[in-house]
1. Answer with yes or no whether residue 47 is more than 17 Å from the chain's Cα centre (by Cα), free of Cβ contacts under 8 Å to residues at least 12 places away in the same chain and loosely packed, with under 15 Cβ neighbours inside 10 Å.
2. When the residues of the range 101-154 are filtered to those that are surrounded by 15 or more Cβ atoms within 10 Å (Cβ to Cβ) and hydroxyl-bearing (Ser, Thr, Tyr), which remaining residue is modelled with the highest pLDDT?
3. If you go through the range 187-198 one residue at a time, do you hit one that is surrounded by fewer than 17 Cβ atoms within 10 Å (Cβ to Cβ) and in contact with a Lys or Arg (Cβ under 9 Å, 6 or more places away or on another chain)?
4. Tell me which residues, restricted to the range 169-186, are under 20 Å from residue 116 (Cβ atoms) and of a type outside the set (Ser, Thr, Tyr).
5. Going through the range 215-241 one residue at a time, which ones are farther than 15 Å from residue 105 by Cα and surrounded by 13 or more Cβ atoms within 10 Å (Cβ to Cβ)?
6. Which of the residues that make up the range 89-116 are polar (S, T, N, Q), within 16 Å of the ligand (Cβ to nearest atom) and closer than 20 Å to residue 15 by Cβ?
7. Within the range 254-265, take every residue that is over 19 Å from the mean Cα position of the chain (by Cα) and not polar (S, T, N, Q) and give me the one that is farthest from residue 82 (Cα to Cα).
8. Exactly one of these conditions fails for residue 98: (1) part of a helix (DSSP H, G or I); (2) more than 15 Å from the chain's Cα centre (by Cα); (3) under 19 Å from residue 232 (Cα atoms); (4) not basic (Lys, Arg). Give me its number.
Amino acid sequence: MVSIPNQVNSSLLKSNYDQQGYFVIRDYFNAAEISTLRKVVLKFHQLWKQDNAEFYQEEAFNSSLITGSQYLAFDDRLKLFNFISSKKIMSLVDSVISANPAFMNTQLFFNPVNPQQKDFWHRDCQYDHDVDVQKKVIHDTQVLHLRVPLFDELGMELVPGTHKRWDNAEEFDVRQEERGRVSSEDLATGKKIRLAAGDVLVFSADMIHRGLYGLDRLALDILVFDSAASFIDYVDDDCLPDISILDKIDDPRLFINTLNLKFKG
Ligand SMILES: O=C(O)CCC(=O)C(=O)O
């Protein structure tokens, strides 16, 4: 059971997010909330690793569709959906996206098996768009990531303000691996945000960022978007609740907004 938040100052969170592209809240979840979530997510992770053994051994550093039906049964999926749409999560989502936020997906970030594999700078939009379009889309609505670490971790490194501004020369060359630079190099503008289990980090997917490998990291990222933006094609039907689960979710509006976009156009 997730208790009701008492520490959220929505307008402060919104102004932090608007200016910096992120905010972090320490000790937002209590030990019982994290322990319940961790049990469900570890079940998914074990099954996913068995099923994707070669990919896991060779290169993986994340999985997705944690709420899908492939690895988790009804009750565990319901726990996840109720966590994702809990008052604690929704008060953060609502502080950034004031009208009709919609669920997109979940991702689980872990350490790559190969210790030589390096963490790397990127903007999420660079995997969908070439540079000219990236320059434009960073001024549009961006996908929101809510990172919930399940164990203490080194956290994330972000370049504050890059949700709204284009890269400087060093950032561009490193992120895009131009002029002999590689995406795992340090950036002078990077800000490391160490995270502990119980903290939550909310950040824009299109700012320059990297996950920091190390410790026992296992972090659940919840991805949310503004219904007014055109991200619905990124949503996989199977990660959404069907009607029998929907009926049992305490506050299903995050999922209903997605279902409305998907099935009502
Ligand atoms: O934690 C990581 O490895 C990368 C995280 C990331 O890129 C993201 O959440 O978009």
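The values are calculated or read from the model by the stated rules, or taken from the named source; none is laboratory data. The structure presented is a predicted model; accordingly, all values stated were derived computationally and were not measured. Methodologically, a virtual Cβ is constructed for each residue, glycine included, from the backbone with ideal geometry; neighbour enumeration extends over all protein chains shown.
1. No, not satisfied.
2. Among them, the one singled out is 106.
3. There is at least one residue in the range 187-198 that is surrounded by fewer than 17 Cβ atoms within 10 Å (Cβ to Cβ) and in contact with a Lys or Arg (Cβ under 9 Å, 6 or more places away or on another chain).
4. 174, 177, 180, 181, 182, 185, 186
5. Passing the criteria: 215, 217, 218, 229.
6. Listed by number, the list is empty, since nothing qualifies.
7. Filtering the range 254-265 for residues that are over 19 Å from the mean Cα position of the chain (by Cα) and not polar (S, T, N, Q), the one farthest from residue 82 (Cα to Cα) comes out as 265.
8. (1)
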